[in-house]
Amino acid sequence: MSLKVIELNDSSISVGNEDGIIAQSPGFALAAGNTLEIGEAAEQQARLQPTNSYNKYWHELNLEPLSHGNNIRHFADIAYAQLLHLAEIGQIDSDVIFAVPGSFTRQQLAILLGLTKQCPFTPVGVVNSALATASIGDHSESTVYADIQLHQVELTKLSFSGGELSIDSVIQVPGVGTQNFMDSMMQLATRLFIQQCRFNPQHNAASEQQLYNELPSWLRQSDGDHGSLMMELKTDEAVHTAKMPRENLISSLNGHYQIIRQQIAALATEHGVRILVNSRLSTLPGFVASLQELPNLAVLDPHIVNSACYEFRGSIISGQEGIHLVDKLPVKAKTKGRALSAKSAEQDHDEQRNQPTHALYSCRALTVGAIEIMNQSRLNGHAATAQSIVMSLPGLPEKLGRIEKRPEGIFLDCWDNEVLLNNNRVSGQQPLKIGDRIQFTEDSEEICLIQVNNNVV
């Protein structure tokens, strides 16, 4: 029994404890007959069944009736299902602090708190996520915080005066959410596949969904802002490959970047204003570089909202008067916590050069991005993707682990599965470096982390 933090950002809803984020789930749901798929499983089928897919239930949380002919009455029903899903994957059975975006209305907060009455956890506090984030680090008189959701970017301006941090204004920038970026990148990828190999991945739902599912791993290839992304899609007929020049990718997104940059600049007019960029935004190719002209720019640690909620829990947790949204925090001029990292694009690239770029398994090198490690003996008909390592290990679960590139480095997430990392037994999340070796049993073939530069290992 311990305090947990739930950050309600529909791009990736997270659950964290004192050590950091322990579970994540995107704001997607899929109504399949009488069942409701939630999170990543729903997102990976959304384009196969678009009429049964939902991804606006947090953005537009309400009790308005839905017209679909299923058992879902309204968006609140879907939100409740995801809360139960989060409780399961995050093992939440006690007190919870919610961190919510500034666009969350009082009515939506009331609905949220009403839903939690039927959940296996107890809400003890609600805080504005931008406020919690800005509370960490050195404080200037004015701060602008930028974050991205599924359907919009949200900008929050905060002020620090008299030992208190408060919210001045919240601006919603529609049309530049993660789904808008995904749509733009899918259109570019489709044009390149057609040009280079006469294959249209959006010709049918199955290949369109495969393109959507594979895009994140391609984008996490560690080429910095230079070079090209190598794209590969497998169909029953053939393997289709195409090259996406990095400069073309960034150019295709610059229109979105300009909209965001203009809105940030309009808020950051005072001398010495601090600009904080959430890690979800910083991972977009070329985005941080597009803001280099802005002063006092910092890219945030992915765990910072979670860390801030723990550090300031004494001010966030409500008393006997009932739960209310915290939109002001008494903070010191300087606080400790997971630090901000104000990195230039060049510094990021230098760090990436010392990270593994590929995972080598069975004479096949897979680009480190989001590599699923699965067990063939338990796949139950689920197809492996091009970014999968498939083993055959009787007695072990279907999902063995995941190798993922994040802003802070390369990580192995093996959940509760015990694995051998360099012959040492580990579980949970583990950072990876060049030369690391992964085994799931003492006799299983190794996965080796390597670096490839200009096709030279």
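A few notes on this one:
- Working ranking of peptides 100-107, 148-155 by packing, defined as the average number of other Cβ atoms within 10 Å per residue, highest first, is 148-155, 100-107.
- (1) 99, 45, 40; (2) 67, 51, 49; (3) 62, 50, 48, with the label sought being that of the calculated Cα extents along the principal axes in Å: (3)
- When peptides 434-446, 266-278 are ranked by their average number of other Cβ atoms within 10 Å per residue, the highest-first order is 266-278, 434-446.
- Listed by Cβ neighbour count within 10 Å, with the fewest neighbours leading, Val170, Val127 appear as Val170, Val127.
- Under 5 Å, built H, 5+ apart or other chain: amide partners of Val127: Phe98, Ala99, Val100, Val326
- Computed about its Cα centre, the charge dipole of region 354-450 is approximately 240 debye, with only Lys, Arg, Asp and Glu carrying charge at their Cβ.
- Taking amide H as placed 1.01 Å from N in the peptide plane, the amide H of Phe28 sits under 5 Å from that of Gly39, each at least 5 places away or on another chain.
- Cross-link pairs Lys234/Lys399; Lys117/Lys328; Lys117/Lys405; Lys4/Lys56; Lys56/Lys243 - those with Cα-Cα distance over 29 Å: Lys117/Lys405; Lys56/Lys243
- Of the GluC sites (Glu not before Pro) in region 227-258, those whose Cβ has at most 16 other Cβ within 10 Å and which sit in DSSP loop: Glu237
- Summary value for the chain: 13 percent relative contact order, contacts being C-alpha pairs under 8 angstrom separated by 6+ residues.
- Two-decimal Rg/Rh across region 64-157, once Rg and the Kirkwood Rh are taken from alpha-carbon atoms: 1.03
- Put simply, the Cα atoms of region 354-450 extend 37, 28, 24 Å along their principal axes, the longest span coming first.
- Charge dipole (the chain, unit charges on Cβ, about Cα centre) - positive-most of Val144, Ala99, Ile450: Val144
- The phi torsions of region 113-121, fed into the Karplus equation with coefficients 6.51, -1.76 and 1.60 and a -60° offset, translate into couplings of 5, x, 5, 5, 5, 9, 9, x, 9 Hz, rounded to whole numbers, with Gly and Pro shown as x.
- Fully extending the segment from Leu188 to Glu293 would add 35.1 nm, taking 0.36 nm per residue of separation and subtracting the current Cα-Cα distance.
- Region 354-450, relative contact order in percent, only Cα pairs under 8 angstrom and at least six apart counted: 27 percent
- Rounded tilt (10° steps) of 178-197 against the dominant C-alpha axis of the chain: 20 degrees
- For Leu432, distant residues with modelled amide H under 5 Å away: Ile410, Phe411, Leu412
- Summary of packing: across the peptides 36-45, 203-212, 7-16, the per-residue average of other C-beta atoms within 10 Å ranks them, highest first, as 7-16, 36-45, 203-212.
- From its DSSP helices (H runs of at least four residues, each -39,500 (n - 2.57)), the chain gives a residue-normalised ellipticity at 222 nm of -8000 deg cm²/dmol.
- Region 16-61-region 91-157 distance, computed between alpha-carbon centres (Å): 19 Å
Each reported figure results from applying straightforward, stated rules to the coordinates on display, with no laboratory input. Since this is a predicted model, take the numbers as computed values, not measurements. Backbone-built Cβ (ideal geometry, glycine too); neighbour counts: all protein chains shown.
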